[in-house]
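Below is one structure, written out as structure tokens; comments come after it.
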Amino acid sequence: MELLRTYSVSTILVPTSISKTQFTKPNFLNFQFNPIPSSCLLRIHGKTSSKSKIFTISPSPSSVSTDSIGPPEPEVEVETKGEKFDWYAQWYPLMPVCDLDKRVPHAKKVLGLDVVVWWDRNESEWKVFDDTCPHRLAPLSEGRIDQWGRLQCVYHGWCFNGSGDCKLIPQAPPDGPPVHTFKKACVAAYPSTLHHDIVWFWPNTDPQYKDIILKKQPPFIPELEDPSYTRTMGNRDIAYGYDVLVENLMDPAHVPYAHYGIMRTQTPKVKVDREGGRPVVLSVKKLDINGFDGDQEWGISKFIAPCIFYAYTKPLENQGNGAASSAGTRKERKIMDAGPANWQKACFVPTKSDALVVGFRRWLNKYAGGEVDWKGKYSGALPPTPPREQLMDRYWSHVVNCRSCNAAHKGFNALEVVLQVASLAFVGIVAATRQNVMSLAARNTMIAMAVVCFAGSKLLAHFIYKNFHYHDYNHAFR
């Protein structure tokens, strides 16, 4: 399965919410990037044989840093001359188009930048603007697409075309100066493109990057364009920092434990515990400013900085949906408490199963100074940890942004209301009908139907809450 996480840099994912799959000759790709996470998932299956791949894309960086740590196994590092990773000279995934509604603008946050994604029907393209109206700074994402296909601000009705030019200021007299043509009336437009059915954007509005797509394109993943594969995309916002989420995706050893009873993994020949954990041999190769390659006992993996991780894996026998956990946020806080350069002191990573995580921390420390470049938009302090119900909420983190889940949620809610109305109707008919008009059998049938409808509505309400809102996960009782 594939995931794509997008949020303000530091996600996500989790994919959010993040799902997984099994495969034979598969690939596992992950992209991350948010500080208040968001994520996308993409699942790919081969039409023939059991090939399948997992990709995860997500903007979600946080600000935890790391010092170089001795990896479980030596790595090949390319000699560099003080290269510095430029966070603002990369393409970032925002959202899969399957979950974008062309009728409305969508608010997103990446690298601390508030942006609005909207469909320009005049140019038949997805556009990405700064989510701020130049007039009185109202969020354009709360506006609408007008009848001429322009993005209209909700506050005073200013309208903008796909290039960010202001085309209408309703308050300006028609016979007065054309104030809408002034440069200050324009909205900052980011370079954007549709790639692998995902909307990507370049986080720099400088005019020199207007045609950046001609010089540098988003990472190409062949499997996403391979007709022998089918794919499913999704998204979820996750309360993870960028670094912690990337770690999670590079860490297969946590799956038997963190996802016990939810995801099925290969059973080792000798089980040392209930979950079936076992030694996992990983190693990092060729680490440079662009990321690194990794070797796994079941295949190979690759980290393309800053938001893509994928791995070719062998097929698993079965698989279910992943479960979100609140452990990540507590872990992030402990790392922050240890200090921006003391990841290796806060964590003890003596086995080869942590090699990819160590490799990522080495890359982050060596080329990015141990943290995301927020350009002053983030102080480094973590917000208060929200209640568990809010942290693991499914509705606001996924359902509202997923076209299929949102439709299913509305459908089930409507059915719940129908069952309640039917229950009341049956009771009302019985109460309003005189005893000599309706037989005892018919009366009892009506009462029974009322009870069944009422019970059905309650069961459905529980199902809706558990699957679309919040479902707790306690490892001790799995």
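The values are calculated or read from the model by the stated rules, or taken from the named source; none is laboratory data. Quantities reported herein were computed from a predicted structural model and do not represent experimental measurements. Methodologically, a virtual Cβ is constructed for each residue, glycine included, from the backbone with ideal geometry; neighbour enumeration extends over all protein chains shown. We work out accessible area using only protein heavy atoms, side chains counted, and drop any ligands, DNA or RNA first. Shrake-Rupley method; radii C 1.70, N 1.55, O 1.52, S 1.80 Å.
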**OP:** Please enumerate the residues belonging to the range 418-470 that are open to solvent by 80 Å² or more (accessible area, probe 1.4 Å), charged (D, E, K, R) and over 30 Å from M392 (Cα atoms).
**Re:** R434
**OP:** Considering (1) open to solvent by 10 Å² or more (accessible area, probe 1.4 Å); (2) assigned to a loop (DSSP other than H, G, I, E, B); (3) among the small types (G, A, S), say which one A253 fails and leave the rest.
**Re:** (2)
**OP:** For the range 101-121, state whether one or more residues are within 24 Å of A239 (Cβ to Cβ), at pLDDT below 95 and among the small types (G, A, S).
**Re:** yes
Subject >> Within the range 267-282, tally of residues that are surrounded by 11 or more Cβ atoms within 10 Å (Cβ to Cβ), among the aliphatic types (A, V, I, L, M) and in a loop (DSSP other than H, G, I, E, B) >> reply: 2
Original post:
Does V199 satisfy being modelled with pLDDT of 95 or more, outside any helix (DSSP H, G or I) and over 22 Å from Q90 (Cβ atoms)?
Top reply: no
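Does R236 satisfy the criteria of being among the basic types (K, R) and surrounded by fewer than 21 Cβ atoms within 10 Å (Cβ to Cβ)? Steps first, answer last, please.
Working: among the basic types (K, R): yes; surrounded by fewer than 21 Cβ atoms within 10 Å (Cβ to Cβ): no.
No.
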Subject >> Enumeration of residues in the range 164-216 that are among the hydroxyl-bearing types (S, T, Y) and open to solvent by 70 Å² or more (accessible area, probe 1.4 Å) >> reply: T181
Original post:
Considering L245, L224, which residue is under 14 Å from the mean Cα position of the chain (by Cα) and not in a loop (DSSP other than H, G, I, E, B)?
Top reply: L245
**OP:** Would you please list the contacts, defined by Cβ atoms under 7 Å and residues six or more apart or on different chains, that run from a residue in the range 372-401 that is basic (K, R) to a residue that is at pLDDT 90 or above?
**Re:** K377/G112; R394/F468; R394/H469; R394/Y470
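Does Y242 qualify as being modelled with pLDDT of 95 or more, within 16 Å of K108 (Cβ to Cβ) and either surrounded by 18 or more Cβ atoms within 10 Å (Cβ to Cβ) or of a type in the set (V, I, T) (or both)?
No, not satisfied.
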**OP:** Select from the range 392-415 the residues that are buried (at least 18 other Cβ atoms within 10 Å of the Cβ) and of a type in the set (A, V, I, L, M, F, W, C) and list them in ascending order.
**Re:** M392, V399, C402, C405
Subject >> Residues of the range 100-112 classified as more than 16 Å from the chain's Cα centre (by Cα), of a type outside the set (V, I, T) and open to solvent by 20 Å² or more (accessible area, probe 1.4 Å), total >> reply: 3
